[in-house]
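J.: Submitted below is the structure of interest, expressed as structure tokens.
The values are calculated or read from the model by the stated rules, or taken from the named source; none is laboratory data. All values derive from a computational prediction rather than experimental measurement. Glycine gets a Cβ as well: all are built from the backbone with ideal geometry, and neighbour counts include every protein chain shown. Ligands, DNA and RNA are excluded from the accessible area calculation, which covers all protein heavy atoms including side chains. Shrake-Rupley method; radii C 1.70, N 1.55, O 1.52, S 1.80 Å.
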Amino acid sequence: MKPIKVTKIAWLALVKNKIRSLLTMLGIIIGVAAVIIMIAISAGTEKSIQEAITGLGSNLIYVQASMGAARMGPGMQSSGGGLVYDDAFAIAEQINGVAGVVVEQTSTQNVKAGDTILENITIMGTTADFPSVRDMEIASGRYFTQDEIDRTKPIAVLGSNLAEEMFGETDPYGQTITVGDSVRLTVVGVFEEKGMVGEVDYDSRFYTPITIVLEKLTNNPFARFLGDRVRLIYVEVDESIGENSERTLDDVIYQIEFLLAKRHEVTLEEPDFTITTQQDIITTQESTTAAFRSLLAWVAGVSLVVGGIGIMNIMLVSVTERTREIGIRQSVGATPSDIRWQFLTEALLLSLVGGLIGVVAGIVGSWIFGQASGMRTVIVASSVLLAFGSAAIVGVFFGYYPANQAAQLDPIEALRYE
Amino acid sequence: MKKSKVIIDGKNLVKVYQMGDFEVRALNGASIQVQEGEFMAIMGPSGSGKSTLMNVLGCLMSPTSGEYFLDGEDVSELNKVELARIRNQKLGFIFQNYNLLARTSAFQNVILPLFYNRASLLTEEEQQEKAAQILEAVGLGDRIYHEPQELSGGQQQRVSIARALVNDPVLVLADEPTGNLDSRSGAEIMALLKDLHRKGTTIVMVTHDPEIAAYTDRTIHLLDGKVAREVKNGKEHA
Ligand SMILES: Nc1ncnc2c1ncn2[C@@H]1O[C@H](COP(=O)(O)OP(=O)(O)O)[C@@H](O)[C@H]1O
Ligand SMILES: [Mg+2]
């Protein structure tokens, strides 16, 4: 029989039993929608994380002190290894293609401003390039200069939330805040709102010259002893690197490694620092979110299979219920394969129509979920294809057994069935 | 008058139903011949094998042994697929309980055998026309989109007659076609069959009612799965 006729017969049979058809499709609808929604959630999360990472500033290289690798050899201080504050300047001055260098050293302290006392505030000691490398805009006042950093000037720039918490409507400019017991800082500026970047709330902390943190706010009793040791140096590379210049990011990294190794008197085989690029972090992040995504896809896939078993179940009941119909069809000349194709086509149609409804439900559901939960959802085209395709395969797979049962019925037995 | 052709030629037909340990010989060496254009009745007491004979003649089952030639073709050893083709292209069935597809219009019921007809050269439009025409011919022109539950018993039987005719069968088989009908509807159905017969259709019909059998040319009587006797029916009903 021509496929178009089989489809027509199957379609008519389904339309005749709308409720049963709908119930049969329910599993598939839910399965397909689940696949799409879950992938949309994980893709949304992934995208948010990615944007957060790139929101840190583009073309970033992270130079980290690897204290674990610090060598305790003879003639070296026990705190040997690691980065020092001056390394940052050396990188800025001696490496071509570096747009900016930032050093950050944080300290958590209780802070007092007038009558307001705030506990456990993160104070970020940093350097002159910080606003440009981190894409932070000054909303009012100003940022601090290299000169002020060099002179350990007691000044501060506030994150937008913190400014409001401390001073409310009052203009913070020129106000004094007291950190810990005795360190008094004068506010010289407030940043624009930045929002969360990954886990870090840039708006609820404040910023001072790094020398303030290094010299006055380090709780570590060895602070003096550690001197100007820093944990992390951010290097922003020129936009042009790797794009339209001969030089690649790897060249810049190699130069930094070489410079630091020389400065620290270590070999490149056993450095006391590690260099990570933005891309490394994104890649790591991608592999974790990919794992998350495939977990969700598995869960959703299982629900599709459950949907398929539902189809099989109802198709089997349907074959029994429709025994007489099958007998009638056989008596007027339907061959076993005609019957098999009809039921298989019915299963396929059910899962395709169910899949289609599921796709719509998944897209609408993702949107509603995003609105309701505030989580970001991104519809992934391939997930729609995947879900729809699996629905079709599930339909054929789980439709085959009932269809075969139907095909093997004996015409006389089938006609006699009450 | 052209030389008449043998449509049914069954010899020593045996059908054994295996019921666990014991067997039922529903047909026990029945032989039957039907000429083209004949209208024949099969009678016999309940359990004598009438329905079994119809099912074998109708290619709904194969005989356990014996020979069966239908329209010159040996069909006693055909497989399921070939039997389905024979049922579709050469036979038309009329059942006592109509056996129409429920919640399906008369039109859809009648067109069904055309769906399964691989040999049909008709286009879809022609098939639809034909189904409608046949429904018209059995007197249901104004009810072709009615579903079985909206039709009387007599009307449902007309639908099933239309369905039996749609593939131009060489033989129409009717198992107690008036068994579920009141006498008036029964007479109408018989008039319709008689009319078909006049137009040349070969019909074999099972009945237990002598008055119904009297519409036919010839009656064979079954007893214990064998043909016990044969009677020519001289009289004609209007
Ligand atoms: N499917 C079957 N399985 C077992 N026995 C059957 C079956 N069909 C019919 N029979 C038996 O075969 C015999 C003939 O039945 P049937 O052909 O229906 O007779 P009739 O139509 O003349 O009443 C009966 O004894 C009946 O019980
Ligand atoms: Mg019977």
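J.: Put +1 on the Cβ of each Lys and Arg and -1 on the Cβ of each Asp and Glu in the protein assembly as shown; which of B:60, A:208, A:375 then has its Cα farthest toward the positive end of the dipole?
T.: Checking the options against the dipole of the protein assembly as shown, the answer is B:60.
J.: With point charges of +1 on the Cβ of Lys and Arg and -1 on the Cβ of Asp and Glu, referenced to the Cα centre of the stretch A:105-229, which listed residue (A:133, A:172, A:185) lies farthest in the positive direction of the dipole?
T.: In the stretch A:105-229, that residue is A:185.
J.: Oh, and also: What fraction of the DSSP beta bridges in the protein assembly as shown is antiparallel, stated in percent and rounded to the nearest 5? Please report the intermediate quantities before stating the final value.
T.: On the way: 63 of 87 bridges.
Bridges in the protein assembly as shown are about 70 percent antiparallel.
J.: For a quick check of understanding: with a 1.4 angstrom probe and all protein chains in place, what accessible area in square angstrom does residue A:375 have, to the nearest ten?
T.: In the full protein context, residue A:375 sits at about 80 Å².
J.: Same structure again: Got the relative contact order for the stretch A:105-229 handy, in percent, Cα pairs under 8 Å and 6 or more residues apart? Spell out each step's value before the answer.
T.: Values: 243 pairs, mean separation 42.2, N = 125.
Relative contact order of the stretch A:105-229: 34 percent.
J.: To the nearest 20 debye, what is the magnitude of the charge dipole of the stretch A:85-132 about its Cα centre, counting +1 on the Cβ of each Lys and Arg and -1 on the Cβ of each Asp and Glu? Mind dumping the intermediate values first?
T.: Numbers: 1 positive and 7 negative charges, 27 e Å.
About 120 debye.
J.: No solvent, one uniform scatterer per C-alpha: report log10 I(q)/I(0) for the protein assembly as shown via the Debye equation at q = 0.05, 0.07, 0.10, 0.12 1/Å, two decimals.
T.: -0.50, -0.64, -0.96, -1.18
J.: When the scattering of chain B is computed by the Debye formula from its Cα atoms alone, each counted once and equally, what is log10 I(q)/I(0) at q = 0.11 Å⁻¹?
T.: -0.56
J.: OK, next. Tell me, what is the per residue accessible area of chain A in Å², probe radius 1.4 Å? Spell out each step's value before the answer.
T.: On the way: 20110 Å² over 418 residues.
Solvent-accessible surface per residue comes out at 48 Å².
J.: Sum -39500 (n - 2.57) across every DSSP H segment of at least 4 residues in chain B, then divide by the residue count to get the 222 nm mean residue ellipticity, nearest 500. Before the final figure, lay out the partial values.
T.: Numbers: 7 runs with 76 residues, N = 238.
Estimated from H runs of four or more residues: -9500 deg cm²/dmol.
J.: In addition: Tell me the angle of helix A:3-16 to the major Cα principal axis of chain A, expressed in degrees between 0 and 90 and rounded to the nearest ten.
T.: Compared with the principal axis, the helix lies near 90 degrees.
J.: Using protein heavy atoms only (no ligands, DNA or RNA), what is the total accessible area buried between B and A, 1.4 Å probe, nearest 100 Å²?
T.: Working: alone 12010 and 21330 Å², together 30940 Å².
Counting protein atoms only, the buried area is about 2400 Å².
J.: At 1.4 Å probe size, put A:385, A:352, B:53 in order of accessible surface, largest to smallest.
T.: Numbers: A:385 130, A:352 55, B:53 0 Å².
Sorted by accessible area, descending: A:385, A:352, B:53.
J.: Largest first, how would B:217, A:250, A:86 line up by accessible area (1.4 Å probe)?
T.: Details: B:217 45, A:250 110, A:86 75 Å².
The ordering from most to least exposed comes out as A:250, A:86, B:217.
J.: Right, something else. Based on a Kirkwood Rh over C-alpha pairs, give the Stokes-Einstein translational diffusion coefficient of the stretch B:183-234 at 25 °C and viscosity 0.890 mPa s in µm²/s. If you can, show how the numbers build up before the last one.
T.: Values: Rh = 12.0 Å.
Translational diffusion coefficient: 205 µm²/s.
J.: Taking only the Cα atoms of the stretch A:105-229, how large is their convex hull per residue, in Å³? Numbers along the way, then the final one.
T.: Numbers: hull volume 13.2 nm³, N = 125.
Convex hull of Cα atoms, per residue: 106 Å³.
J.: Now for a separate question. Solvent-accessible area of residue A:47, probe 1.4 Å, all protein chains present, reported in Å² to the nearest ten, please.
T.: Approximately 90 Å² for this residue.
J.: Excluding ligands and nucleic acids, what accessible area in Å² is computed for residue B:103 using a 1.4 Å probe, to the nearest 10?
T.: Taking all protein chains as shown, residue B:103 has close to 120 Å².
J.: A follow-up question, please. Quick one: compute the contact order of chain A, relative version, from alpha carbon pairs under 8 angstrom and 6+ residues apart, as a percent.
T.: Details: 729 pairs, mean separation 124.3, N = 418.
Reported as a whole number, the value is 30 percent.
J.: Who wins for biggest fluctuation among A:393, A:39, A:29 in a Gaussian network model of chain A, springs between alpha carbons below 10 Å?
T.: Maximum fluctuation in the GNM of chain A, among the listed residues, is at A:393.
J.: Rank these by accessible area, largest first, 1.4 Å probe: B:39, A:292.
T.: On the way: B:39 0, A:292 85 Å².
Ranking B:39, A:292 by accessible area, largest first, yields A:292, B:39.
J.: Right, next: Specify whether the C-alpha gyration tensor of the stretch A:137-185 places it in the rounded, prolate or oblate class, a ≥ b ≥ c being the square roots of the eigenvalues: rounded for a/c under 1.5, otherwise prolate if a/b is larger than b/c and oblate if not.
T.: Working: a/c = 2.41, a/b = 1.25, b/c = 1.93.
Verdict is oblate for the stretch A:137-185.
J.: How big is the charge dipole of the protein assembly as shown about its Cα centre, in debye rounded to the nearest 20, if each Lys and Arg gets +1 on its Cβ and each Asp and Glu gets -1 on its Cβ? Numbers along the way, then the final one.
T.: On the way: 56 positive and 78 negative charges, 853 e Å.
The dipole magnitude comes to about 4100 debye.
J.: Right, another one. List the residues whose amide H sits under 5 Å from the amide H of residue A:155, counting only those 5 or more places along or on another chain, with H placed 1.01 Å from N in the peptide plane.
T.: Result for residue A:155 returns A:186.
J.: Let me ask something else about it. If the stretch A:81-173 were replaced by its equivalent ellipsoid, with semi-axes equal to the square roots of 5 times the Cα gyration tensor eigenvalues, what would those be, largest first, whole Å?
T.: They are 29, 15, 11 Å, listed largest first.
J.: Name the residues of the stretch A:320-334 whose accessible area, probed at 1.4 Å, falls by at least 30 Å² once all protein chains are in place instead of their chain on its own?
T.: Residues meeting the cut-off: A:324, A:328, A:329, A:331, A:332, A:333.
J.: Using θ = phi - 60° and the Karplus curve 6.51 cos²θ - 1.76 cosθ + 1.60, what whole-Hz ³J(HN,Hα) does each residue of the stretch A:318-329 get, with Gly and Pro shown as x?
T.: In residue order, the calculated couplings are 4, 4, 5, 4, 9, 3, 5, 4, 4, x, 4, 4 Hz.
J.: Using unit Cβ charges (K, R positive; D, E negative) and no other charged atoms, how large, in debye to the nearest 20, is the dipole of the stretch A:105-229 about its Cα centre?
T.: Details: 11 positive and 20 negative charges, 122 e Å.
Value, rounded to 20: 580 debye.
J.: Next question, about the same structure. Rank A:308, B:181, A:11 by how far each Cα sits towards the positive end of the charge dipole of the protein assembly as shown (+1 on Lys, Arg Cβ; -1 on Asp, Glu Cβ) and give me just the farthest.
T.: B:181
J.: Rounded if a/c is under 1.5, else prolate if a/b is larger than b/c, else oblate: which is the stretch B:89-228, with a ≥ b ≥ c the root eigenvalues of its Cα gyration tensor?
T.: Numbers: a/c = 1.98, a/b = 1.47, b/c = 1.35.
Prolate, because a/c is 1.5 or more and a/b exceeds b/c.
J.: For the stretch A:302-364, place one equal point scatterer on every Cα, skip the solvent, and apply the Debye formula. What is log10 of I(q)/I(0) at q = 0.12, 0.14, 0.18, 0.23 Å⁻¹?
T.: These q points yield log10 I(q)/I(0) values of -0.39, -0.51, -0.73, -0.98.
J.: Oh, and also: Using DSSP, restrict attention to beta bridges with both residues in the stretch A:105-229 and report what percent are antiparallel, rounded to the nearest 5.
T.: Working: 21 of 29 bridges.
Rounded to the nearest five, the antiparallel share is 70 percent.
J.: List the lysines whose alpha-carbon lies under 21 Å from that of residue A:194, not counting same-chain residues fewer than 8 positions away?
T.: Here the lysines satisfying the reach criterion relative to residue A:194 are A:47.
J.: Checking the table B:15/B:226; B:130/B:194; A:112/A:216; B:5/B:90; A:2/B:90; B:194/B:232 against a 18 Å threshold on Cα-Cα, which pairs fail? Please report the intermediate quantities before stating the final value.
T.: Values: B:15/B:226 11 Å; B:130/B:194 21 Å; A:112/A:216 16 Å; B:5/B:90 15 Å; A:2/B:90 21 Å; B:194/B:232 16 Å.
Check vs 18 Å cut-off fails for B:130/B:194; A:2/B:90.
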